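I have placed the structure first, in the form of structure tokens, so that the comments after it can refer back to it.
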Amino acid sequence: EASLDDVTRYDIADARFHAIIGEASGNQLLQALMRQLWDYRHGEMWLLWYNQTRSITNRRNTVLDHRRILAALQRGMPDIARTAMQAHTDQVNERFFALVMDNTGDPTDDQRPDIILLVTDQQRYDTIRALGASQMDTPD
């Protein structure tokens, strides 16, 4: 929380929080996915979105989400932690979709990237590039 006013420090702390959650899960696939997602933060599409949603309010809300997740994990309450994680994901998605769907603010319609977001909750191992499916183009 001390890094809320320093975006660079905040980004480092935010990335570390997510890495610790991934490590604590013991799930190597989740860890690899999280590393890949964090690598995307250096891409043009991410910067277009993130630079427009980088408000202090959003950073404070993220810290509150992280505190809820951490508190549930520390208390040994996985169902509550899962719910808090889903709420955090929903909040980030809402920021993203609000920006994409906002036709009144910048960027103008012709500057916005065309985005199709597909999210699957169950994916077979042979459809994930990181697990050897070289014919697939998935974030691995």
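The values are calculated or read from the model by the stated rules, or taken from the named source; none is laboratory data. Because the structure is a prediction, the values reported are computed rather than measured. Protein only, heavy atoms only, side chains kept; ligands, DNA and RNA dropped before computing areas. Shrake-Rupley method; radii C 1.70, N 1.55, O 1.52, S 1.80 Å.
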Once ligands and nucleic acids are excluded and a 1.4 Å probe is used, how much of Tyr40 is accessible, expressed in Å² to the nearest 10? 110 Å²
Leaving ligands, DNA and RNA out of it, work out the accessible area of Met136 with a 1.4 Å probe and give it in Å² to the nearest 10. 60 Å²
